[in-house]
Each structure stands twice: as C-alpha cells, then as structure tokens.
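Written below as structure tokens is the structure these notes are about.
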Amino acid sequence: MLVSSQWQQQTNIMTMGWHMVMAFTPSLLGCVIDAENHSHAMVRNSGECVINIPSATLVDQVVGIGNCSGSEVDKFKAFELTPGKAKEVSAPLIEECYASFECRLHDDTMIERYNLFIFEVVKAHVAPSADEEESLHYRGMGEFMLSGKSIDRTELFKPSMLV
Ligand SMILES: Cc1cc2nc3c(=O)[nH]c(=O)nc-3n(C[C@H](O)[C@H](O)[C@H](O)COP(=O)(O)O)c2cc1C
C-alpha cells in the first residue's frame with residue numbers, strides 16, 4: 001500500500017506492508033507507521049491520510065518511495081505520481097493507483113506503544129478495472145508476491161459471513 005498524507009502545505013507518500021482490516025462497520029484499518037518515518041508525524045498531526053493500492057506495474061516506485069524520506073524528497077515529483085483531490089480529507093489521492101481509501105484517524109491509543117494507527121475509511125475510490133489488476137504483497141527481504149488465481153467457495157459459507 002502507499003500512504004499519502006498532507007500536513008502544513010507539504011504532501012508525502014510512504015510504502016506500507018504492515019496493515020490489516022479490523023472491522024466492516026465502521027470500516028476500520030490498522031496500520032503500522034514507524035515513529036522514525038516522516039509520515040508518522042504528518043498523519044498523526046493531521047489525523048488523516050489516504051491508503052492507495054498500487055498495481056504491480058508500480059513496483060519500482062513502491063520500493064523507491066520506501067527508500068527515502070519525505071523530509072528530503074518531494075515524492076510525488078520524484079516518482080512522477082499525480083496527486084488527486086480527495087472528497088473527505090485534505091491528503092491527496094494517488095491517481096495512478098487503482099483504489100484509494102480516504103481515512104480519518106479513529107483511535108490513537110496504540111500509536112505511542114506500537115506505532116499502530118487505527119483509521120476509519122470515510123470514502124473509497126475503486127477503478128472499474130480493479131478486478132483485473134495485479135496487486136503487490138510484500139513478503140519481506142526485498143520480495144513481492146502478485147495476486148493471482150482465486151478459488152470460489154461461496155456455497156460453503158454461512159450467509160452472514162458474506163458481507
Ligand atoms: C515494501 C516496503 C514495505 C514497508 N512497510 C512499512 C510499514 O508497514 N510500516 C512502516 O512504518 N514502514 C514501512 N516501510 C518503510 C517506509 O516506507 C520507509 O521508512 C519510508 O522511507 C518512510 O517514508 P517517510 O519518511 O517519507 O514517511 C516499508 C518499506 C518498503 C520498501
């Protein structure tokens with residue numbers, strides 16, 4: 001994922017592999033943003049960010065964005081990405097990503113201890129092509145896995161699980 005943020009006229013982007021879905025209603029996401037990262041203070045101070053899903057074709061930018069700090073580099077410029085206007089938050093979307101989730105900080109009680117930000121998704125943007133996009137999943141040690149085949153087991157689920 002790419003986390004875009006804005007604070008005091010500055011925008012930034014950070015690569016993030018450590019994230020999880022925590023609830024459907026409200027829609028909550030847990031994200032680890034290390035205190036050493038420039039994004040940490042930007043997201044904490046603004047209480048907002050956008051979580052963008054890049055397709056596999058953006059892999060080199062994904063690594064590059066994770067290799068440098070927004071305190072030294074304007075990452076939208078350096079990685080030739082286009083900031084888009086969000087509807088509910090001030091942080092920019094990344095236009096080249098096929099899905100973007102506008103987020104507001106929902107619970108800050110675990111930031112100090114674990115760098116764990118709990119966000120509520122307040123607006124989702126998903127391109128019509130999303131089903132055909134290959135997404136990147138970071139495996140550690142410089143390696144990514146691509147999304148691939150899917151297996152349908154809808155008939156085995158109890159209906160209440162299919163939300
Ligand atoms: C593939 C990849 C995954 C990463 N995942 C995380 C993560 O989940 N949390 C985190 O704090 N940093 C993560 N990083 C490191 C940050 O992206 C990196 O420290 C970046 O320079 C921070 O940018 P900033 O200082 O502009 O915020 C990851 C880096 C890469 C390349």
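Calculate, axis by axis, the spread of Cα positions in the chain along the three principal axes, and write the results as whole Å, longest axis first.
Each principal axis gives a Cα extent; for the chain these are 51, 34, 33 Å.
Suppose each label sits 7 Å from its Cα in the direction of the beta carbon; what would the residue 149-residue 129 distance come out to in nanometres?
Inter-label distance under the simple model: 2.6 nm.
How many Å² of accessible area per residue for the chain, probe 1.4 Å?
Each residue of the chain exposes 62 Å² on average to a 1.4 Å probe.
What is the distance in Å between the Cα centroid of the stretch 70-142 and that of the stretch 17-69?
Here the two parts' Cα centres lie 5 Å apart.
Taking the chain as a Gaussian network, where each spring joins two C-alpha atoms under 10 Å apart, which residue of 141, 16, 42 fluctuates the most?
141
So how do 39, 46 rank on accessible area, 1.4 Å probe, biggest first, that is with the largest at the start?
46, 39
Could you work out how far apart the two model spin labels at residue 68 and residue 18 are, taking each label as a point 7 Å from the Cα in the direction of the beta carbon, and quote it in nm?
So the two model labels end up 2.4 nm from each other.
For the chain, which whole-number percentage of the solvent-accessible area (1.4 Å probe, protein heavy atoms only) is attributable to carbon and sulfur atoms?
On the chain, the fraction of accessible area on carbon and sulfur atoms equals 51 percent.
Roughly how much of residue 24 is accessible, in Å² to the nearest 10, using a 1.4 Å probe?
140
The values are calculated or read from the model by the stated rules, or taken from the named source; none is laboratory data. None of these values were measured; they are calculated from a predicted model. Every residue, glycine as well, gets a Cβ built from its backbone with ideal geometry; the counts of neighbours run over all protein chains shown. Keep in mind that these areas ignore ligands, DNA and RNA; they rest on the heavy atoms of the full protein, side chains included. Shrake-Rupley method; radii C 1.70, N 1.55, O 1.52, S 1.80 Å.
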